[in-house]
Every structure is written in structure tokens, then in C-alpha cells.
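Presented below is the structure to which this report refers.
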Amino acid sequence: MFLKFIALVAFTILIMLINLCLGDLTVAPIEALQAVFAHSGSGEIHDVIVGIRLPRLLTAFVVGLALATSGYLLQALSRNDLADPYLTGVSSGAAVGVACAMLLKFDFQTIPLFAFAGGITASFFVASIARGSGQYGVSVAKLLLAGIALSSVAGALITLAMTTFGTQLMAQGLYLWLLGGISGRNWQELIPTVCYTSVGLIVAFAAAKQLNLLALGEETASSLGLNVGRCQLVILAAAVLLASSAVALSGMVGFVGLVAPHLSRRLFGRGVRLQLVCSGLTGAILVLFSDLLARTLSPGQELPLGTLMALIGGPFFIYLLSYSLDQVQSH
């Protein structure tokens, strides 16, 4: 297990270095590292590495980390391995909040707060439908159907708001943002997201023991003295904060929170604290790899990050869904 974890960390560092080096301008690894750590190198290389690629690389890392950790928390909270910020409507609710903030012309530092408000509203709506009255756990079918319905309504609201109140330029910018991508992100946009993500991660690690108890079932956890309702609310808030901060920075990048925890569980088991770390790093690797493809697959233009993640995550979700249905039918 320890060697697997070391390999995961090493691969994360490797993919980050590759992202620094590859692009329209190919830079040797030693030159890239010198530009980052020694502030040396030619003016052009230094400007490209430190001014463009490094903030973009860290943005991809933070977005992947936040979405994957959020996905793991939602799956642990609902005891449903198909839960994900994108599929359960949390990301769509956050997108509505971001659209409102853009229309009202708020500063970027406050946009994650609007995203959080939209995400938490969406999560309560979906959870209330998926749970039902007096039911422990959630219904997989209700969870997915409610999330899909909410995503459709959120998309319609965003389109209606932009066509009614927004300018053509604003509508075009929001459309590109909804496709998902981190092109042009800078240090000023990255820092607020890092702060919000850090808060979410701290809460998640602090709630690791409570997540272990919730895994036994709500009735059992309650009998062991856990305040189930309050604990669920805190964990849900952390998951929504993580997803919302990522959405505010990168737009709609789906399936990271679904794929990363599954891969991590298969490789590293189900320990909560270990999974919080490994799921986050796996999500970071997925987004870093997808962003690298977005920049390099088609010379001269950039592909939408959200589209590439959908091509990876969509088939994976179909496989998981069919497998889950087969398991249900076999019982």
C-alpha cells in the first residue's frame, strides 16, 4: 500500500512537470524547474512558465482535487457510489449562482460564495427527493433522476437569464465557461479558490471519524452517540463548498468526482483519511491529463476541458450504472 501511495505521488509530480514543459512552446524539464524555483532562464521561457503555465497547472490541480474530494464525500454521505457533484445537480446549482454573480457584476473573489449558495440549495433539493420520508440512505434512481432534472432546469435558467439580462459578449463568455476550461486563469483568480478549497478539505479531514460511523448506517451511528443530522449537514456543506469553488474557477467539468473515487478505492482500499488524499490526487491527475490533451491534441486551438472529461467519464458512468443495475437484479 505504501509503495502504491508513493507511486501515486510520483505520478502526480510527473504529470505536473509534463504540463509545465509541453505546449505551443516546448521547454526542457530542467529549464522549466529553473524558471519556477530559481527564477532563471530566458525572459520568454520565464514569462511562459511562471506567468501562464504554472497558474494554469495549479488551477487544474486544485480543480481536480476539489471535485474528486467532493465526489468522495457525497458518495460516503449517501452510501451511493454513483453520487457525484455533476450528476446530482450540485455543479448545476453552483453554475446558476455563478451566472447570477456575473450578471450582477460582482468581483471574482465573491463568485465562489454565490456558487456555494446555488450548490447548497440544489443539494438540499436533490437530497430531499432522493431520501423520501422516513427512509435511511437514498434511492439511486431518485438521486440520478432528480439531479438530471435539476441540471436541465438550471441550464434553462442560465440561458434565460443571459438572453434576457446579459449582453451578447457576456452570454458568449458564459457559454464558453459552461463548456469547462481553465485557459487564461491567473494568480488573482486562483488564490480565492485555494482558500475556499482549503476550508473544505480541513472540514473533510476533521469529519473522517464521523464518516466512518456513518458508513455503519444512520441508525447504528445514532445509537453510538453521533448527531447524525448535524454531521451530515457539515459534511454536505464541505462537499458543496469544494465543488462550488471548483465550478467558479473552471466551469462545468463533470465526472471527476465520480471516476476518481472509484479508481482510488480499487487501488487503495476504503480507509477514509487515505481515500480523502488518494481520491484528491487521482482527481488532480485526471484534470491535469485532460488539460494537457486540451492544449496539445489540436495545434493552434484549445479543446473544451469539460468535453474531454465527458468523453472519459460518460462511458465510465454507463459501465457503473449497468453494473449497479445488474447487482440489484441479481439480488
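Could you say which residue among Leu104, Leu17, Leu74 is modelled with pLDDT of 90 or more and surrounded by fewer than 19 Cβ atoms within 10 Å (Cβ to Cβ)?
Details: Leu104 fails: modelled with pLDDT of 90 or more; Leu74 fails: surrounded by fewer than 19 Cβ atoms within 10 Å (Cβ to Cβ).
Going through Leu104, Leu17, Leu74 in turn, just one is modelled with pLDDT of 90 or more and surrounded by fewer than 19 Cβ atoms within 10 Å (Cβ to Cβ): Leu17.
Considering Glu44, Glu31, which residue is surrounded by fewer than 16 Cβ atoms within 10 Å (Cβ to Cβ) and either charged (D, E, K, R) or more than 24 Å from Pro299 (Cβ to Cβ) (or both)? Quick ask: steps written out before the conclusion?
Values: Glu31 fails: surrounded by fewer than 16 Cβ atoms within 10 Å (Cβ to Cβ).
The unique qualifying residue is Glu44.
Scanning region 279-293 finds no residues that are surrounded by fewer than 20 Cβ atoms within 10 Å (Cβ to Cβ), touching a Phe, Trp or Tyr at 6+ places or on another chain (Cβ under 8 Å) and of a type in the set (Gly, Ala, Ser). Going residue by residue through region 247-270, is there one that turns out to be more than 25 Å from Leu320 (Cα to Cα), buried (at least 19 other Cβ atoms within 10 Å of the Cβ), among the hydrophobic types (A, V, I, L, M, F, W, C) and within 11 Å of the chain's Cα centre (by Cα)? Checked against the condition, which is being more than 25 Å from Leu320 (Cα to Cα), buried (at least 19 other Cβ atoms within 10 Å of the Cβ), among the hydrophobic types (A, V, I, L, M, F, W, C) and within 11 Å of the chain's Cα centre (by Cα), region 247-270 yields at least one hit. Considered as a group, the residues in region 174-213 that are aliphatic (A, V, I, L, M) and within 11 Å of Thr59 (Cα to Cα) include one that is surrounded by the fewest Cβ atoms within 10 Å (Cβ to Cβ), and that residue is Ile191. Considering region 47-61, the residues that are of a type in the set (A, V, I, L, M), surrounded by 22 or more Cβ atoms within 10 Å (Cβ to Cβ) and under 16 Å from Leu249 (Cα atoms) include one that is nearest to the chain's Cα centre (by Cα), namely Ala60.
Scanning region 146-199 for residues that are under 20 Å from the mean Cα position of the chain (by Cα), among the small types (Gly, Ala, Ser) and not in a helix (DSSP H, G or I) yields Gly180, Gly181, Ser183, Gly184. Of the residues making up region 199-226, those that are within 26 Å of Gly93 (Cβ to Cβ) and free of Cβ contacts under 8 Å to residues at least 24 places away in the same chain number 2. Filtering region 1-28 to residues that are β-branched (Val, Ile, Thr), under 20 Å from Glu302 (Cβ atoms) and touching a residue at least 40 places away in the same chain (Cβ under 8 Å) leaves Ile15, Ile18.
Residue by residue, here is whether (1) touching a residue at least 40 places away in the same chain (Cβ under 8 Å); (2) not in a loop (DSSP other than H, G, I, E, B) holds:
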residue	(1), (2)
Phe37	no, yes
Glu44	no, yes
Arg53	no, yes
Gly64	yes, yes
Leu82	yes, no
Ile111	yes, yes
Ala122	no, yes
Phe125	no, yes
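When region 18-35 is filtered for residues that are of a type in the set (D, E, K, R) and not in a helix (DSSP H, G or I), only Asp24 remains.
The values are calculated or read from the model by the stated rules, or taken from the named source; none is laboratory data. Values in this document were obtained by computation on a predicted structure and should not be read as measured data. Here Cβ is always computed from backbone atoms with ideal geometry, including for glycine, and neighbour counts include all displayed protein chains.
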